[in-house]
Amino acid sequence: MMHNQNRYWKFLTICILFGLTGCSGPELLKNLNAEMIDAKGKNCEVLFERHVDAWISREPENLRQVYTDDVVHFDGSPIFNGIGDILSLAKELFTTFPGWKMEAGETYISQDECLGALIQWGLLGFTSDNPGIEFDLLESRDDLISFWRIFYDQKFFDAFSLPGRVDNDFLFQFASSWSAGKTKEILNLYDPEAKIEDTLLGVTASGQGAIRDYVDSFLAATPEAAWELFYPFTEGNASPQFIHEYPYASQGGVFAINVKDTEGKPCEVHAIVILTPDEDGKITLQKNYYNAESLLVCGWAK
């Protein structure tokens, strides 16, 4: 903890000397108003449950009440465009998997997106005791889903004999580096022109300098935070017609960020981080999402 405390005071001193504003570590959490976080969390839960309930109903026409007419379904690449494609997909899946069951899991938010875990069994050998889990990233317009992107755990790729592969080493290295709390080690994970979108915290950092400031701020605001990879996943490889636009599948994971709450007691902030690597395994894009309830419980939102 002393290491990160020293980092914070050094960082704060630089801010004061150079007349900078909004750069101290705790300031990184200043946008996390508890009322706002609670509202966003509940809205995400409602949207995600409507999405899941429409599929549980096994009635393709119910999907019209959930998605916009021009909805895009991104499954490795944007191969399903419009409600007609979604209805055709649904009819095929309902026929192929008559015993398909599912339920909504935990949800996560950014400033404008909703991400949820979809727990599934009764297909592909998945059981209620050993289900497959996909993660659905949703964007909405006028309370309807306008964009739907899917990520899968390794069980789906194995069941379908698909080439996608969760890169556990890549994800564990991410968690290990952030847990070590050393800026240089963390920066080594990123391409020099990488971008981090942590929009719930009001941050979009592009390039190594901006990412270094973000890393220092995050570490100072969360001293002794330890990252634990709880559940890894990835997305499918792009189809041939989109492979040049989407050459590298994004990797993701559910992480428990072990911190202290406002009373100094151990607490877990649950986050999903989606990472897009390049051919050298360096991160080119990182997007962060947080479980709203965990932000409230751990005192990150006040």
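Computed over the chain, the per-residue total of -39500 (n - 2.57) for DSSP H runs of n ≥ 4 gives a 222 nm mean residue ellipticity of -10000 deg cm²/dmol, rounded to 500. Modelled label positions at Ile243 and Leu124, each set 7 Å beyond Cα in the direction of Cβ, lie 2.2 nm from each other. Evaluating 6.51 cos²θ - 1.76 cosθ + 1.60 at θ = phi - 60° for every residue in the range 293-299, the Karplus couplings come out as 4, 5, 5, 5, 5, 7, x Hz, glycine and proline recorded as x.
Once you reduce the range 140-179 and the range 216-283 to the center of their Cα atoms, the two points are 10 Å from each other. The angle separating the long axis of helix 34-56 from the principal Cα axis of greatest extent in the chain is about 20 degrees. If you fit an axis through the alpha-carbon atoms of helix 168-180 and take the longest principal axis of the Cα set of the chain, what angle between them do you get, 0 to 90°, nearest 10? Orientation of helix 168-180: about 30 degrees from the principal axis.
Axis of helix 2-17 versus longest Cα principal axis of the chain: the two differ by about 70°, to the nearest ten degrees. Taken along the Cα-to-beta-carbon direction at a fixed 7 Å, the label points for Ala180 and Ile56 span 4.4 nm. The alpha carbon convex hull volume per residue for the range 117-193 rounds to 181 Å³.
Largest GNM mean-square fluctuation among Phe160, Phe170, Phe126, using the chain with Cα springs under 10 Å: Phe160. Looking at the range 259-302, the GluC sites (Glu not before Pro) that sit in a DSSP loop and have at most 10 other Cβ atoms within 10 Å of their own Cβ are Glu263, Glu279.
Label point of Glu103 set 7 angstrom out along Cα-Cβ; within the range 113-144, amide nitrogens under 20 Å from it belong to 115-136.
Bear in mind these aren't lab numbers, they're just calculated from the coordinates by the rules spelled out. Since the structure is predicted, the reported quantities are computational estimates derived from the model, not experimental observations. Neighbour counts are summed over all protein chains in view; Cβ atoms, including those assigned to glycine, are modelled from backbone coordinates with ideal geometry.
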